Amino acid sequence: MSMEPGTIGKEHASRIWGRYLLRSFVLCVLLTLASVLLSYQLVRSQRVDVGNAFAVPFLSGFFPDEADINYRYRWTTSHSEVKFEGAGSVAPSRVSLEAQGFRPADFGQPVTMTISVNGTPLEPNVITLTRSLATYTFTAPPGARLTPAPYVLEIDAPTFRPSGDARDLGVKVASVRLDQESGGFNVPPLGMLVWPPIFVVALFYLLSLFPGILGRLVPVVAGLVALAAILILRPPATVFLPPFAAVLGLMALMHWQWRRAVEWSSWVDQLGKVATARRFMLAGSLMYAALCLWVLPQVDWIGHADYAENAVIARNFVNGRGLTIDYVAQFYDPHLALTHPAETWPLLQPVLIAPFFALLGSQTWIAKLPNLLILLGLAWAVFSLASRLWDPRVGLVAGLLTLVHPYFFNAVLYPINDLAFTAIFFVLAWLVWHTALPQQDVLLRETASGGNSRASKWRAAGIGSLSGLFIWSKPSGGLLLVGLALWAGWTWWRRYRPSGGQISGRTLVAVAAAFALVLLPLFLRNLLAFGRPFFSTESYDAWILRYWPVHQWEDIYKVYTGGEMPSFRWVVGGKFGYENLFRAIGVNLEWVWKQGVLGEQGSSNFVFGLLPLAIAFTGLASATRRVAGLFSMVALCIGLYAVFVLGYWHYEGRYFQVAVPWLYMLVAWGLFWVWDRLRERLHGGLGRRWSLLLLPIGIAAVLWPSIDTVEKQIEADVQPTGFVVGMAWLKTNSTSSDVVMTRDPWELNWYAERKAVMIPNDDLATINRVAQQYGVTYLQLGGPVDGINTRDCPSGPAPDSAYPTGVRPQFGPLYCGVEKAGYKLVYRQGGLTIYKLVPK
């Protein structure tokens, strides 16, 4: 049957129009990106008119704008900041301020001001302002290393309080200008590569809806005008453009898809094809990897404690020094030589990092590459298993959700072992389940034949090897292995024993042999280092931290050498008593719910939100018996593990990230199960159209909070860290024979490569004795967990109680740079102070 000529003509015209729009969109994106990149190369300065009402997003610590005769200004407080949101990646060459040091006529003191960028003071260090508006120019000191963009200008000035005014005013600032160096490729902020193309394309599409020639002419003109406006108003565009671009893009998307909503079902069904889903999964993985590789070199922070120690051990191992560290962080054993075998955290993460250091060098961002690869592997494993359990649509959504979970992204930013722990358990549980309950009852045939098939042997070797790596990753994972063994034994007893099936002895031997072979190097190393197959200082910490927050965390840094070691007797009828035991368990259980589920996404203890958890339960309720059996196995394992962690240790969100991939698979299946049921029952009309929105809305509701949290993580973590700058100074101005006492020995050793000793959480006499015992030559105060707000330091002599202190209040005014007998101040910047110890 032939089609009507008019119908053929309409379809042909529609195809022509579609190709025109596609080419126009591609041209818009390319032209916008090229223009933005060119703009950042040609214009390398940014001016903020501080007195302008539109400057508010760039300012903090200023009073509201006021008007003078021919300019507008704002008063600073004692500390004010201007953030250059739109500046590119090239370092600043100079900063200029239009400022006025106005004071009443009877004010006798000069008005001074100091300027710094990202914590680095600029020169001249202190200037005196005049009573008239003038321009003051500052440059970075020779050899100073300014941390990467975004650049934050800090203005510090003394304040006064005018008569009849309750404000403490600093100086008048009319404008601030930042000029960047002329060399190098100036990379724009990520937002300027994303939002301008979205805005221009959405504007072009919506205006192309005009009929006739207007639909072709108006979009081009408006798009060029919009692009020119974005480039001319580049600094405000970085702040004000994103919400407008998002709204406009959403409007264009909704209009484009409204008539096509009925086609969504077939489009989504296309994702049910393995090849199609794999292409989308590959595209998502590549985009994620590109984002991480763009972010990681900008993050100068290695992470606190175990994060830093993983990198330190890997560096020492690559340098031929074994799995050692060069500091004493706790005082259970003396380690007077300072360099000694690492004895606190599991060793898999340093072993994973070491090959990357050997190939690419021992750099902070290189230490984070293993976890990026592990996360990509985990996401693909989730995609693969979910595709087998249900279909590739479910696998694709589950895999992408896994990629963007905030904690997993955080584990890429900082080298921690929980990600490898999660990935190993996921693959191991899948392998055990598939071996015990294979498709088409393969196991029955293998069992009947003695389990001698090649596939059975490979699976046995894989289970044993992964189980060994699991202990390398985290010894507490032994409880998960117990859960897997119990489930496998129960499955054999219930399913195969009645029919006479026997477990092959060779299979068990293969599992045990692979397990022992992988663990043998770890046990041998521990026997040589500690005289026992396994040892960790956490076996002491547990009896102290068991009562956190009832007990004080810092008590693990007391001096226990030569005294009573923490032990289980402290808990069971010992010095702490039973009430603390019950209270600590109650706190742990309460935090699982209040912080792990109801907490703020992105917080350190958050695991899984209430909405995705409800969708996951829907997915579990609709699962087949076979699939439900898999998740019952996982629930048993994680339940045993949770009992151990909450009973012996303490609650932290990262300990339970091992459950996240499994929950995401249930979330993805729950969304598609509900959507498919609606498709079956709603066959037409507006109800069907709106029901089709359930899937994208549900995915967005689960996905968007994670994406938003990851975006905030990136914004926060690319900020420069003053500790890194201080350690660069220490490395340059000290020798390899110096020993530094600090609250952060892990990070200090990573950055400064100096031997270090923890500041004991004891009285000053004990601290001094420990310093002498280890030959300490420097004292460093302030840092990741020991910082203070130095702006709270008194400007002149004051009683000791007036000085803010960190976690070691025994040092009092030393945190504010006030020298005492025996402590000579040699460095004070970015909240850090460093003293050289001199004979009294």
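The values are calculated or read from the model by the stated rules, or taken from the named source; none is laboratory data. Nothing here was measured: the structure is a model prediction, and the numbers come from that model. Backbone-built Cβ (ideal geometry, glycine too); neighbour counts: all protein chains shown. These accessible areas exclude ligands, DNA and RNA; they are computed on the full protein's heavy atoms, side chains included. Shrake-Rupley method; radii C 1.70, N 1.55, O 1.52, S 1.80 Å.
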Tally, over region 211-240, of residues that are farther than 20 Å from A87 by Cα, out of contact with any helix residue (DSSP H, G or I) (no Cβ under 7 Å at 6 or more places or on another chain) and β-branched (V, I, T): 4
Assuming V770 fulfils every condition listed in (1) crowded, with 18+ Cβ neighbours inside 10 Å; (2) under 30 Å from V117 (Cβ atoms); (3) not acidic (D, E) apart from one, which condition is it? (2)
Does L227 fit the bill of being open to solvent by 40 Å² or more (accessible area, probe 1.4 Å), assigned to a helix (DSSP H, G or I) and either touching a strand residue (DSSP E or B) at 6+ places or on another chain (Cβ under 7 Å) or modelled with pLDDT of 85 or more (or both)? no
So if I check each of T561, T624, which one is more than 26 Å from A305 (Cβ to Cβ), of a type in the set (V, I, T) and at pLDDT 80 or above? T624
Do you know which of the residues in region 24-51 that are of a type in the set (S, T, Y) and in a helix (DSSP H, G or I) is nearest to the chain's Cα centre (by Cα)? Y40
Count of region 422-451 residues which are in contact with a Ser or Thr (Cβ under 7 Å, 6 or more places away or on another chain) and at pLDDT 90 or above: 2
F240 vs. criteria modelled with pLDDT under 90 and over 30 Å from K474 (Cβ atoms): yes
Which residues, counting only those in region 695-736, are free of Cβ contacts under 8 Å to residues at least 12 places away in the same chain and either assigned to a loop (DSSP other than H, G, I, E, B) or in contact with a strand residue (DSSP E or B) (Cβ under 6 Å, 6 or more places away or on another chain) (or both)? T735
Given the conditions (1) in contact with a helix residue (DSSP H, G or I) (Cβ under 7 Å, 6 or more places away or on another chain); (2) open to solvent by 30 Å² or more (accessible area, probe 1.4 Å); (3) part of a strand (DSSP E or B), every one holds for F54 apart from (3)
Within region 94-116, which residues are open to solvent by 50 Å² or more (accessible area, probe 1.4 Å) and in contact (Cβ under 8 Å) with a residue 40 or more places away in the chain? R94, E98, F102, F107, Q109
Being out of contact with any Ser or Thr (no Cβ under 7 Å at 6 or more places or on another chain), more than 30 Å from V412 (Cα to Cα) and either open to solvent by less than 60 Å² (accessible area, probe 1.4 Å) or hydroxyl-bearing (S, T, Y) (or both) narrows A289, A237, A245 down to just A237
Condition set in contact with a strand residue (DSSP E or B) (Cβ under 8 Å, 6 or more places away or on another chain) and under 27 Å from E181 (Cβ atoms), scope region 26-51, selection surrounded by the most Cβ atoms within 10 Å (Cβ to Cβ): answer is V50
Of the listed residues (Y651, Y641), the one being modelled with pLDDT under 90, among the hydroxyl-bearing types (S, T, Y), closer than 20 Å to R546 by Cα and surrounded by 17 or more Cβ atoms within 10 Å (Cβ to Cβ) is Y651
In the set F210, F199, F185, F204, which member is without any contact (Cβ under 8 Å) to a residue 24 or more places away in the chain and over 27 Å from A99 (Cβ atoms)? F210
Extreme residue, most open to solvent (accessible area, probe 1.4 Å), among residues of region 200-216 that are of a type outside the set (G, A, S) and over 22 Å from A34 (Cα atoms): I213
Counting just the residues of region 467-487 that are open to solvent by less than 40 Å² (accessible area, probe 1.4 Å) and aliphatic (A, V, I, L, M), which one comes out nearest to I638 (Cα to Cα)? L480
Residue under question is G806, and the condition is that it be open to solvent by less than 50 Å² (accessible area, probe 1.4 Å), within 21 Å of T732 (Cβ to Cβ) and not aromatic (F, W, Y); does it hold? no
For region 314-421, list the helices (runs of 4 or more DSSP H) that sit wholly inside it and hold at least 3 residues that are under 23 Å from the mean Cα position of the chain (by Cα), surrounded by fewer than 22 Cβ atoms within 10 Å (Cβ to Cβ) and modelled with pLDDT of 95 or more; which are they? 348-360, 369-389
The one condition P197 fails out of (1) in contact with a helix residue (DSSP H, G or I) (Cβ under 6 Å, 6 or more places away or on another chain); (2) open to solvent by 60 Å² or more (accessible area, probe 1.4 Å) is (2)
Of the numbered conditions (1) over 22 Å from I556 (Cβ atoms); (2) of a type in the set (G, A, S); (3) in contact (Cβ under 8 Å) with a residue 60 or more places away in the chain, A290 satisfies every one except a single condition; which is it? (3)
